[in-house]
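S.K.: This is the structure, below, for whatever I ask next.
The values are calculated or read from the model by the stated rules, or taken from the named source; none is laboratory data. On a predicted model such as this, the values are computed, not experimentally measured, just so you know. Because the Cβ atoms are built from the backbone with ideal geometry, glycine has one as well, and the counts that use them run over all protein chains shown. Areas reflect the complete protein model, heavy atoms only, side chains present, ligands, DNA and RNA absent. Shrake-Rupley method; radii C 1.70, N 1.55, O 1.52, S 1.80 Å.
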Amino acid sequence: MSYNPFSLDGKITLITGASSGIGQATAIECSKMGAKVIITARNEERLNETFAQLEGDGHQKIIADLTIPEDLDRLIESIPQLDGLVNNAGVIKTLPLKFINEHDLINILNINTFTPVFLTQRCIKKKKFSKKASIVFSSSVGGVYKVSLGNSMYEMSKNAIDAFMRSAALELAHNGIRCNSVNPGMIETPLIHRGTYSEEDRRKDIEKYPLKKYGQPQEVAFGIIYLLSDASAWVTGTSLKIDGGVTL
Amino acid sequence: MELQEFIEKFAAQFDETDASAFTPETEFKALDEWSSLTALSIISMVDEEYEVLLKGNDIVNAETIDDLYQIVKSKR
Ligand SMILES: NC(=O)c1ccc[n+]([C@@H]2O[C@H](COP(=O)([O-])OP(=O)(O)OC[C@H]3O[C@@H](n4cnc5c(N)ncnc54)[C@H](OP(=O)(O)O)[C@@H]3O)[C@@H](O)[C@H]2O)c1
C-alpha cells in the first residue's frame, strides 16, 4: 500500500509564486505528497490562504518581492538546505510589437527570466541544495513549442528561461542536481483571466485543444511533483509539455 | 478626450483600410482588415493613450467606433 515512487516525503521544497494559481496548487499538492514546503510571494493575504491549505507541519512562508535584491537576500538567508526548488513566479502582458515598451519588457524579463536565474545562482553559491536536489522552472509552451499573437515579450522570457534550464542541467549534473521545466498550455488561473480575451476568443481558443478544455493548476502541479520526486531520477534538461495536446 | 482624436488613433491601427472609412458610425468589426491582432492593437492603443484597460468583452459589446469611444470615456 505504501509503494509510491512519486513521494516527496520529508523533501524540503521552496516554491515561488505560491500565492496564486499553479504555485498555490503545487504547494498544496507537494504538502500532500509529504514535502516540507517553503512558500513565497508578495501578497501576504493570499500567501496565508495557501499556507492554511497545506497538509502536515514544518512548512514555512516568506513574503518577498523577488525583483528586490534585499528581499532575495533575506529569502536566501531564511531557508534551510533544499531538496527542491520550483521557480514558478511569473507575469504576462499581451502587446502587439508596435506597443512594446521598455517598462513592460523589463518588468516581464525581470520576473520571468532574471529572478529565477538569480534565485538559482544564489542557492548554488550559498550551497543551499542537498545532493540530488531537483530544480523545476515554470516555463510555457508559449515561446518554446509555439507562439501566439501579441505575446512576444512573454514568449522571449520563457524561451530564455527554458534555455537557462538546459544550461543549468548540464552544469549542475556533476553535483547530482537535476533541472527541468514544465511547459503548460492555457491553465485556468488569474494569469489568463485578465480580460484581454473575450468569451468568444476563449471559446475559439479552446477549440484548438484536442482535449477540448484548458488545464487546471493541479494538472501542472502533478508534473512538477514528478520532476521533484525520485521517480524522475534519470531525467534532467527536459521541457515537459502539459498542454492538452495544443501543440500537436 | 475627443471623439475625432480617438477616431484618428483608432484608424492608425489599420494599414490597408482608407482613413475615410472611419467615422463614429463605422461598424469596425465588419471591416475587411479587422482581425484578432487589430483587436489587441486597439486595446493596447487605448491603454497607452488613455490609460484605460479595455477588456476583450468591451470590444465584443461595441458595434461602432462611437460605442467604443463611449466605453473608454466611461472608464476614464
Ligand atoms: N496560467 C497559464 O496559462 C500558464 C501557462 C504557461 C505558463 N504559466 C506560468 O506558470 C507560472 C505561474 O502562473 P499562474 O498562471 O499560476 O499565475 P498567477 O496565478 O498570476 O500567479 C503568479 C504568481 O507569481 C507571483 N509573483 C508575481 N510577481 C512577483 C514578484 N515580483 N515577486 C514575487 N512573486 C511574484 C504572484 O504572487 P504575488 O502577486 O503575491 O507576489 C503569484 O503567486 C508563471 O511563470 C506563468 O508564466 C502559466
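S.K.: Surrounded by fewer than 15 Cβ atoms within 10 Å (Cβ to Cβ), farther than 29 Å from B:LEU54 by Cβ and not hydrophobic (A, V, I, L, M, F, W, C): does that describe A:LYS98?
M.R.: No, not satisfied.
S.K.: Of the conditions (1) closer than 24 Å to A:GLU199 by Cβ; (2) within 10 Å of chain A (Cβ to nearest Cβ), B:ASP67 fails just one. Which one is it?
M.R.: (2)
S.K.: Here's another thing I want to ask about it. Do we have any residue at all in segment A:29-42 that's over 13 Å from the mean Cα position of the chain (by Cα), within 11 Å of the ligand (Cβ to nearest atom), aliphatic (A, V, I, L, M) and on the phi < 0 side of the Ramachandran plot?
M.R.: Within segment A:29-42, not a single residue is over 13 Å from the mean Cα position of the chain (by Cα), within 11 Å of the ligand (Cβ to nearest atom), aliphatic (A, V, I, L, M) and on the phi < 0 side of the Ramachandran plot.
S.K.: Take A:LYS212 and decide whether it is part of a helix (DSSP H, G or I) and not aliphatic (A, V, I, L, M).
M.R.: So A:LYS212 fails the test.
S.K.: What are the residue pairs meeting all of these: first residue in segment A:176-205, first residue within 16 Å of the ligand (Cβ to nearest atom) and of a type in the set (Phe, Trp, Tyr), second residue modelled with pLDDT under 95 and part of a helix (DSSP H, G or I), Cβ atoms under 7 Å, and 6 or more apart or on different chains?
M.R.: A:TYR197/B:GLY56
S.K.: Follow-up. Looking at A:VAL182, A:VAL147 in this structure, which one is modelled with pLDDT of 95 or more and surrounded by fewer than 18 Cβ atoms within 10 Å (Cβ to Cβ)?
M.R.: None of the other options fit; the residue is A:VAL147.
S.K.: Sticking with this structure for a sec: Being within 11 Å of the ligand (Cβ to nearest atom) and either modelled with pLDDT of 95 or more or basic (Lys, Arg) (or both): is that true of A:ALA221 here?
M.R.: yes
S.K.: Taking A:ILE242 as the residue in question, decide whether it is in contact with a strand residue (DSSP E or B) (Cβ under 7 Å, 6 or more places away or on another chain) and within 13 Å of the ligand (Cβ to nearest atom).
M.R.: Yes, satisfied.
S.K.: Check whether at least one residue in segment A:68-81 is over 22 Å from A:GLY185 (Cβ atoms), in contact (Cβ under 8 Å) with a residue 24 or more places away in the chain, in contact with a Leu (Cβ under 8 Å, 6 or more places away or on another chain) and not hydrophobic (A, V, I, L, M, F, W, C), and report yes or no.
M.R.: So far as segment A:68-81 goes, no, none of its residues is over 22 Å from A:GLY185 (Cβ atoms), in contact (Cβ under 8 Å) with a residue 24 or more places away in the chain, in contact with a Leu (Cβ under 8 Å, 6 or more places away or on another chain) and not hydrophobic (A, V, I, L, M, F, W, C).
S.K.: While we're looking at this one, here's another question. It is to be established whether one or more residues within segment A:163-170 are surrounded by fewer than 23 Cβ atoms within 10 Å (Cβ to Cβ), under 26 Å from B:ILE43 (Cα atoms) and touching a residue at least 40 places away in the same chain (Cβ under 8 Å).
M.R.: No.
S.K.: For segment B:43-57, what are the residues that are more than 7 Å from chain A (Cβ to nearest Cβ) and open to solvent by 20 Å² or more (accessible area, probe 1.4 Å)?
M.R.: B:ASP47, B:GLU49, B:GLU51, B:LEU53
S.K.: Given the condition outside any helix (DSSP H, G or I) and not polar (S, T, N, Q), answer yes or no: does some residue in segment A:219-229 qualify?
M.R.: no
S.K.: Shifting gears a bit: Report, by residue number, each residue of segment B:14-42 that is β-branched (Val, Ile, Thr) and either within 14 Å of chain A (Cβ to nearest Cβ) or closer than 19 Å to B:LEU53 by Cα (or both).
M.R.: Once the filter is applied, which keeps residues that are β-branched (Val, Ile, Thr) and either within 14 Å of chain A (Cβ to nearest Cβ) or closer than 19 Å to B:LEU53 by Cα (or both), segment B:14-42 yields B:THR38, B:ILE42.
S.K.: Right, something else. Return yes or no: is B:GLU16 open to solvent by 50 Å² or more (accessible area, probe 1.4 Å) and in a helix (DSSP H, G or I)?
M.R.: So B:GLU16 does not fit the description; no.
S.K.: Got at least one residue in segment B:60-72 being in a strand (DSSP E or B), touching a Ser or Thr at 6+ places or on another chain (Cβ under 8 Å) and open to solvent by 10 Å² or more (accessible area, probe 1.4 Å)?
M.R.: Among the residues of segment B:60-72, at least one is in a strand (DSSP E or B), touching a Ser or Thr at 6+ places or on another chain (Cβ under 8 Å) and open to solvent by 10 Å² or more (accessible area, probe 1.4 Å), which makes the answer yes.
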